[in-house]
1. Taking N as the number of residues in the range 12-106, what is its alpha-carbon radius of gyration divided by 2.2 N^0.38 Å?
2. Out of Leu349, Gly369, His447, whose Cα points farthest toward the positive end of the dipole of the range 339-455 (charges: +1 Lys, Arg; -1 Asp, Glu; placed on Cβ)?
3. In debye, nearest 20, what is the charge dipole magnitude of the chain about its Cα centre with +1 on Lys and Arg Cβ and -1 on Asp and Glu Cβ, if you could check?
4. Can you order the peptides 633-641, 585-593 by their average number of other Cβ atoms within 10 Å per residue, highest first?
5. Take Val64, project a point 7 Å from its Cα along the Cβ direction, then tell me which residues of the range 215-252 have their backbone nitrogen under 20 Å from it.
6. I'd like to know which of Val214, Ala51, Ser290 lies farthest towards the positive end of the charge dipole of the chain, counting +1 on Cβ of Lys and Arg and -1 on Cβ of Asp and Glu.
7. How much area per residue is accessible in the chain when the probe is 1.4 Å and only protein heavy atoms are counted (Å²)?
8. Please report the accessible area of Asp517 (heavy atoms, 1.4 Å probe, ligands and nucleic acids excluded) in Å², nearest 10.
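The values are calculated or read from the model by the stated rules, or taken from the named source; none is laboratory data. This is a predicted model, so every value here is computed, not measured. Note: ideal-geometry Cβ built from the backbone for every residue, glycine included; neighbour counts use all protein chains shown. When the accessible area is computed, the model is the full protein with side chains, heavy atoms only, and any ligands, DNA or RNA have been set aside. Shrake-Rupley method; radii C 1.70, N 1.55, O 1.52, S 1.80 Å.
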Amino acid sequence: MMKKLTLLASLTLACLSGLAQISISFPVERQIFQRNNSNQGYIHISGNFTADYDSITAKVFPRVVGQGTASNWQTVDYRDGKPYFSGKILVQGGWYKLGVKAYKNGVQIDSVGRERVGMGEVFVIAGQSNATGITERVEGGVPTGLGYDSNDDRSNVMHYSNGYNTYNPLPFGFSQMSAANVPNDTLFIGPFHSAPWCWGKVSENLVSMLNVPVLFYGAGFGGTKVQWWKESANGEPLTSPSYFIYEEYDHPYGALGIVMRQYAGLTGLRSVLWHQGESDHGTSSGDYQSYLTQVIAKSREHSEIANLTWMVARASRSVNTASNVILGQQNTINNDANVFNGPETDNILTSDGGTTYRSDGTHMDTDAGIIEHANYWVNYITNGFLSSSTPVLANDLLELNFACNPANASTPITLSVSGTYDDYAWSNRDNTDSEARGQFNNCCKTHTVLPGATYHRLNWQYDSTSSITVGPGRYALNVRKPSSGKILFSPIVDLNSFTLPTSPSFTTSAAQIRPGDSVTLTGANCNGSYLWNTSATANPLVISPASTASYSVQCKTLHCLSAATAAQQVVVSSCFGSPLTLSGTVSTAQSYYGSLQNIGSTQQITSPNGKIDYKASDNITLSPGFKAESGTVFKATIEDCN
């Protein structure tokens with residue numbers, strides 16, 4: 001049924017062990033990734049950890065039997081020194097629960113997940129009011145967006161609208177397109193639309209027919225001419241725009257540019273769905289073709305997708321039709337292999353020209369009109385288009401470099417990115433409600449909407465350089481590529497639990513040992529784990545060096561390593577410069593003991609294999625308690641051992 005719609009998505013982390021040691025920041029709940037034409041695609045995964053791990057693995061499980069194919073457990077990432085994990089797994093088209101596990105020494109240490117993620121179809125809607133939908137005028141109240149929701153859990157939108165195309169408030173998150181889950185206001189199809197229009201029915205039908213989830217972005221603008229789209233896409237002054245079109249907000253192309261530069265890389269994209277022409281009765285077919293071709297070119301430039309697919313509706317009806325507009329649209333389609341025929345919606349009219357489908361002769365705003373409009377789109381999308389068009393999959397997340405300087409206690413963390421970009425924008429916090437609130441003026445009223453409670457709503461105004469040196473916190477980076485302005489995003493790096501290592505110390509059980517003997521190194525004053533310069537991590541550390549060597553130790557916390565202690569040398573030689581006092585049992589053949597001074601011994605040399613030699617420069621004293629059993633070998637010599 002037609003109704004107003006709103007939804008706040010809910011995020012569920014399925015931690016299957018006790019205290020969470022890993023967390024997921026990407027994908028967000030209900031995120032849908034574009035599949036390829038073989039019904040496969042990558043789910044990109046990133047997150048954070050509070051305990052050390054060796055590897056991260058992930059798997060998808062169909063939420064409903066028959067709505068996808070369970071994957072194998074696949075490795076997402078290995079521990080490599082960066083303070084986050086990031087990777088991807090290959091899955092079939094479907095609607096899934098996502099499971100993510102962490103392992104240490106072959107043992108699972110934690111498991112988290114997402115309740116709903118998908119591999120399916122992603123579209124962006126563009127054009128004018130028969131693309132965006134319209135709202136009812138409610139005297140003294142908020143306009144209600146006309147249209148139909150989808151009752152299928154797999155139909156999703158970004159419930160947000162920002163009519164000013166302001167960059168910083170834009171969130172990232174998704175909501176179900178369901179009447180049961182949108183209790184107030186009107187359903188927004190972000191980043192711009194204020195009504196569900198026909199797209200709920202389109203989504204519901206596509207989901208049913210394709211058996212994969214569907215995501216729509218809304219980037220149209222009502223009451224606009226194709227010339228204004230061309231001019232705003234090219235950064236040109238608008239020619240006599242209507243009063244509600246604001247050049248300073250990049251109207252009308254701005255929202256489509258946002259999807260192209262920002263969102264398409266995060267989810268992937270099948271196609272732009274274009275429905276426009278009602279305002280262009282006075283535009284020649286040649287001009288229409290030229291203007292639309294330039295808009296398409298800009299969308300490809302901004303997305304860096306050279307073969308970005310468009311489906312162009314043949315649409316002109318504003319009470320009457322305009323053959324010049326239809327010809328311009330058709331010529332655009334015919335001259336670009338990646339622009340496809342869309343529905344011929346001028347035909348949605350009763351034979352007597354009545355109001356069954358269009359109450360005002362222009363907008364398909366009645367129940368019958370919205371349903372028929374949806375049917376037209378579904379027929380064209382499912383009639384060979386999906387196999388003939390080339391979708392684009394999501395980009396990898398941007399990799400960050402990480403360094404820790406424990407000597408700088410207040411700001412020990414350095415995060416940076418390799419490569420050269422036009423702009424850098426770091427986040428160190430979320431937007432407040434006032435900063436995050438979207439606002440959209442439609443007709444006679446103003447809509448406002450906050451991102452869902454679990455949407456990412458990062459504030460990108462912390463720093464604008466390629467590198468930051470900071471204290472503990474939560475950080476992310478986006479960069480804008482030269483020429484295209486395409487935006488790449490890093491994983492969110494949560495370092496709120498960051499701990500600096502203390503300065504360790506250690507002692508040795510001996511400064512000199514004979515070949516074959518062992519020495520014990522004992523570390524102290526470390527608030528993490530010990531890392532010896534031998535790469536060993538045990539403490540105490542018992543070693544038997546083959547030759548004289550120096551040792552040091554560092555203290556390692558989860559993300560940082562202290563400076564090394566001063567080195568201490570352990571001499572490996574049987575010749576000691578100091579006097580020796582020997583005790584204990586000798587049951588095997590051992591290296592000799594030598595002293596440049598004297599030796600005193602109470603050792604017991606036991607049979608059958610005991611063997612020892614003493615060499616001293618001054619004297620050798622065998623004190624009471626010394627014993628050499630029958631069959632053993634003992635030799636004492638007064639001579640210099642060096």
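1. Details: Rg = 13.5 Å, N = 95, 2.2 N^0.38 = 12.4 Å.
Against the empirical 2.2 N^0.38 Å value, I get 1.09 for the range 12-106.
2. My answer, from the dipole projection, is His447.
3. Details: 40 positive and 48 negative charges, 286 e Å.
With Lys and Arg at +1 and Asp and Glu at -1, about 1380 debye.
4. Values: 633-641: 13.6, 585-593: 15.8.
Put in order of decreasing packing, that is 585-593, 633-641.
5. Flagged as within label range: 215-216.
6. Highest projection toward the positive end goes to Ala51.
7. Numbers: 25050 Å² over 642 residues.
Value for the chain: 39 Å² per residue.
8. Here the accessible area works out near 40 Å².
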